[in-house]
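The values are calculated or read from the model by the stated rules, or taken from the named source; none is laboratory data. What you see is a predicted model; the values in this text were computed from it and never measured. Every residue, glycine as well, gets a Cβ built from its backbone with ideal geometry; the counts of neighbours run over all protein chains shown. All accessible areas refer to the heavy atoms of the entire protein, side chains included, with ligands and DNA or RNA removed. Shrake-Rupley method; radii C 1.70, N 1.55, O 1.52, S 1.80 Å.
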There are 2 protein chains.
Amino acid sequence: MARPPAPRGTRAPTLTDVARLAGVSVATASKALNGRNHVSAATRERVLEAAAQLSFSPNSLARGLLAGRTGTVGLLTSDLVGRFSLPILMGAEDAFGAGEMSVFLCDARGDAIRERHHVQALLSRRVDGLIVVGSSTDPRPPLAAAVDVPVVYAYAPSENPDDLSIVPDNVGAGRMAVEHLIACGRTRIAHISGDRGYSAARDRVTGALAALDDAGIALVGQVAYGTWEEGWGRAAASMLLDREPDVDAVLCGSDQVARGVLDTLRERGRRVPEDVAVMGFDDWKVMTTGARPQLTSVDMNLEELGRTAARALFEAIDAEHGRGVRTVQCRVVVRGSTAPEA
Amino acid sequence: MARPPAPRGTRAPTLTDVARLAGVSVATASKALNGRNHVSAATRERVLEAAAQLSFSPNSLARGLLAGRTGTVGLLTSDLVGRFSLPILMGAEDAFGAGEMSVFLCDARGDAIRERHHVQALLSRRVDGLIVVGSSTDPRPPLAAAVDVPVVYAYAPSENPDDLSIVPDNVGAGRMAVEHLIACGRTRIAHISGDRGYSAARDRVTGALAALDDAGIALVGQVAYGTWEEGWGRAAASMLLDREPDVDAVLCGSDQVARGVLDTLRERGRRVPEDVAVMGFDDWKVMTTGARPQLTSVDMNLEELGRTAARALFEAIDAEHGRGVRTVQCRVVVRGSTAPEA
DNA sequence: CGGCGTTCCGAAAAGGTTTTCGGAGGCTTT
DNA sequence: AAAGCCTCCGAAAACCTTTTCGGAACGCCG
């Protein structure tokens, strides 16, 4: 910050330069470039030509300073490394990028201090709004600082019900999964879940049990909680087969767990899907399409969630701020592990 | 853009407000807040208190307008969905976020039109520099528009050697991998690579062959090019075992390919690592640690690459612009698939 | 008491754009 | 011919911060 900016070529052309070249005042140049009226066609043409010749590009800072609106939003994520924030980020970037909005990306890495610092920086840059992306679906504390721009929470809802949160429908996902298995003719369904500490795991269980209840079917064995990893899937499947040899479907808490289950089933000589159907959650492509057979999974529609959050923020910027928790529907992606290839 | 900004609470406090509250002029308030001298301690204290009371946050737009430097950089990626851009992005965000820089994220999705549009938008926002992250390590055309801010290409180098590019050392990675296998006592080494269309695959082959050559060892069979997927790994391993039953190590073009190879080896009753050692590239945690046994891999250090790119851009902003291609070293992460557990 | 140096503060300009308002000129209407 | 309206353009203000420069107050010395 000590040194002055290095003189790199010549300074960017300003509206004044354009006006001078076109032989008009800056006011006229501005009007011509922005398509406002009260400018004759001939003059407008001259200005446009001058602007093109200088490859003029209006200074967004000056514009934002005057308009009180910058056309920027902040995307505050808790962990870029996690694989759930990425599709959401993509969806949001997608929805914004289509318009005239630019996105500031900040990674707080789960650190509250860092988060506060980033929020301050974003506010000082006068963003028009904020999207806060959580790293799990568990509720998170709202932003500490007082923010006078709209905030939308994505994936992890805010603990404050007055905030607007967009979350995936994990209960619905569990329900849809079981309904799919039942539709495939399965009646002896077990559930190997993920980490009990995550509401995503518990919600999916809730939905799954509800669907079983609706169908008048009992779960085979107990819900098995563990971790989100392949190793847990292998171990849990082994125990399951020992205790419940006649199981004909295993719903898994994640695609990774399902991969482990598939491994164990193969080793035990169970055919998938003929003997046992297997399903995962998240539809993580590299997991589902690399598996043998390919894995049926529930797509949580995270990219759509990101787009929804962006659109909600967009509305909140222009109009009134919504509140409450909104869910985004998910969908079953059917592959070979539940339905034999056609 | 039609509606005026919704009046959300009261407008953000400005330096004028702070000065008025503290009973000084804006100039004094500015000096006090920025820690410049020629302000008495008492006055400074009054100003700081007033600023805190109003929770004043200086308007970065106005500051940037004046300073000619905005403290923002643009991060232009070709495909957020790909998993290589993410760690780079993280590293860059990391290196920038530590200071006073904010990052604009743009996803061009491999579309040149969209890319140009984003570059224009970034320039109009007066970013101080740009990082262009490619989706593969193949050289890419330089930015179309004339940019008068420093640009650093990351992962994919620019086709123009006068640009500065930071890329992973794929040749070195191939070399290190083979050296590790040799160090593990393997002498009958095969290589199941990835997609021949990618320079990453070819470069790794180059490095691997060079290391074999140095050691006076011949590759077992031919280099097998295919895809980056698990299925290819399974198929290629099957063919390999048919033709070269006495192979004692398989170097795989990616972790995914390695997973497929592991699968086939298990089915064929070969023990890993006792009979055959297996290695992958990329060190994709979910692939390597979920495997049985856990997979030795070469970490391409992408996060470090992102940090390096950010630092290079930082230097280029302050001083002179570098040029040429710089590589970032990678490292072998040893796991059970090449070395028996201790 | 005058001169001088030091310390502190305020006025003003700069940065680039948008918008408002007034002015100038041309044309129509009475 | 005078009055009025419409079209087009330019001057200037506004947005907010930083920096420069001049001025004021004060203490100290001669």
Under a GNM of chain A (C-alpha, springs under 10 Å), which listed residue has the highest mean-square fluctuation: A:295, A:265, A:164? A:265
Name the shape class, rounded, prolate or oblate, that the alpha-carbon gyration tensor gives for segment B:187-243, where a ≥ b ≥ c are the square roots of its eigenvalues, rounded holds for a/c under 1.5, and otherwise prolate holds if a/b is larger than b/c and oblate otherwise. oblate
Just to verify a number: FRET efficiency for residue B:244 and residue B:334, C-beta to C-beta distance, R0 = 22 Å, to 0.05? 0.35
Counting only protein heavy atoms and leaving out ligands, DNA and RNA, the solvent-accessible surface of residue A:153 at a 1.4 Å probe, in Å² to the nearest 10, equals 10
Within the accessible area of the protein assembly as shown (1.4 Å probe), percent carbon and sulfur: 52
For the protein assembly as shown, what value does the Rg/Rh ratio take when both radii are computed over Cα atoms and Rh is the Kirkwood radius, given to two decimals? 1.03
How high is the relative contact order of chain B, in percent, with contacts defined as C-alpha pairs under 8 Å that are six or more residues apart? 16
Suppose each label sits 7 Å from its Cα in the direction of the beta carbon; what would the residue A:159-residue B:325 distance come out to in nanometres? 5.2
Pull up the cross-link candidates among the lysines for residue B:285, meaning alpha carbon to alpha carbon under 20 Å and not fewer than 8 places away within one chain. A:285
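When the helices in chain A are scored as -39500 (n - 2.57) per DSSP H run of 4 or longer and the sum is shared across all residues, what 222 nm value do you end up with, to the nearest 500 deg cm²/dmol?
Helix contribution divided over all residues of chain A: -13000 deg cm²/dmol.
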Let me know the shape class of chain A, please: from the alpha-carbon gyration tensor, a ≥ b ≥ c as square roots of the eigenvalues, rounded when a/c is under 1.5, otherwise prolate if a/b is greater than b/c, or oblate. prolate
Connecting C-alpha atoms closer than 10 Å in a GNM of chain B, tell me which of B:248, B:213, B:195 has the biggest fluctuation. B:213
Considering only DSSP beta bridges where both residues belong to chain B, give the percentage that are antiparallel (nearest 5). 10
So if each residue of separation counts as 0.36 nm, and I subtract the Cα-Cα distance between residue A:275 and residue A:214, what length gain in nm does that give? 19.5 nm
Quote the FRET efficiency, to the nearest 0.05, computed for residue A:98 versus residue B:146 with a Förster distance R0 of 22 Å and r equal to the Cβ-Cβ distance. 0.30
Cα-Cα pairs above 23 Å in segment A:1-148: how many percent? 55
Bridge type composition, the protein assembly as shown - antiparallel percent by DSSP, nearest 5: 10
Of the candidates B:197, B:174, B:280, which one comes out as most mobile in a Gaussian network treatment of chain B with C-alpha springs shorter than 10 Å? B:197
One finds the C-alpha centres of segment A:291-321 and segment B:176-201 to be spaced, in Å, by 40
Where Rh is the Kirkwood radius over Cα pairs, Rg/Rh for segment B:104-184: 1.13
When all C-alpha to C-alpha distances in segment A:170-300 are sorted into bins of 5 Å, what percent of pairs does each bin hold, rounded to whole numbers? 2, 12, 25, 27, 22, 10, 1
Rounded Å value of the spacing that divides the Cα centres of segment A:210-246 and segment A:112-140: 38
With r defined as the distance between the Cβ atoms of residue A:83 and residue A:114 and R0 fixed at 25 Å, what FRET efficiency is calculated, to the nearest 0.05? 0.75
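Could you work out Rg/(2.2 N^0.38 Å) for segment A:15-58, with Rg from alpha carbons only?
Output field value: 0.94.
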